[in-house]
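A.B. asks: Please see the structure below; I have some questions.
FYI, it's all coordinate maths here, none of it is from the lab. As the structure is a computational prediction, the values presented were derived from the model and not from experiment. Because the Cβ atoms are built from the backbone with ideal geometry, glycine has one as well, and the counts that use them run over all protein chains shown.
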Amino acid sequence: MTGVLAALLLLAGMGASHAVVRIADDRGGRIGTYVDRYQGLRSSGETVIIDGLCASACTIVLGAIPHDKICVTTHAMLGFHAAWDFGANGRAITNPEATQMLYSMYPSPVRRWIAARGGLTPHMIFLRGKQLQALYKPCYLDAQASATKILVSH
């Protein structure tokens, strides 16, 4: 599996409706892997805390999980770029169809933010800080929650 969630934390000891998934350092991977992962997460009703880097295919979370189930910390940073495949010579080449599919998964405010920065290109653009916090509600990790975490990495 190419895509890894380097730090996916499931907070234990909570009912299913209060469960939380924390994304802290995810550089992305294959789009299909993330679509599958987030479909399961969506149906679980869990809240997603973005508390660090969520880049590339990881950002599909924005379209797969309901807006009211996502919050961002002051450390949250989303990285967007065009989708790509390996070409015949082993080099990365932009895949326009996959890029359009990826772009269409994002909520309108995120698409507008991306479009205002030239769209999805091979170069990563980052949404963070006040701009990100204007789009998603803030979340706060309390000491009790961080004391009950279970580290899961793929």
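A.B. asks: For the stretch 8-149, treating each Cα as an identical point scatterer without solvent, what Debye log10 I(q)/I(0) comes out at q = 0.15 1/Å?
C.D. replies: Ignoring solvent entirely, the Cα scatterers give -0.74.
A.B. asks: Zone of Tyr140 (label point 7 Å along Cα→Cβ, backbone N under 17 Å): which residues in the stretch 58-84?
C.D. replies: Output list for this probe position: 71-76.
A.B. asks: Zone of Lys130 (label point 7 Å along Cα→Cβ, backbone N under 20 Å): which residues in the stretch 59-79?
C.D. replies: In the stretch 59-79, the label zone of Lys130 (backbone N under 20 Å from the point 7 Å along Cα→Cβ) covers 72-78.
A.B. asks: Now for a separate question. List the trypsin sites (Lys or Arg not before Pro) in the stretch 34-93 that DSSP assigns to loop (not H, G, I, E or B) and whose Cβ has at most 11 other Cβ atoms within 10 Å. Which are they?
C.D. replies: Loop-located and lightly packed - Arg91.
A.B. asks: Continuing with the same structure: If packing is taken as the average number of other Cβ atoms within 10 Å across a peptide's residues, how do 72-80, 54-62, 113-121 rank, most packed first?
C.D. replies: Sorting 72-80, 54-62, 113-121 by mean packing, highest first, produces 54-62, 72-80, 113-121.
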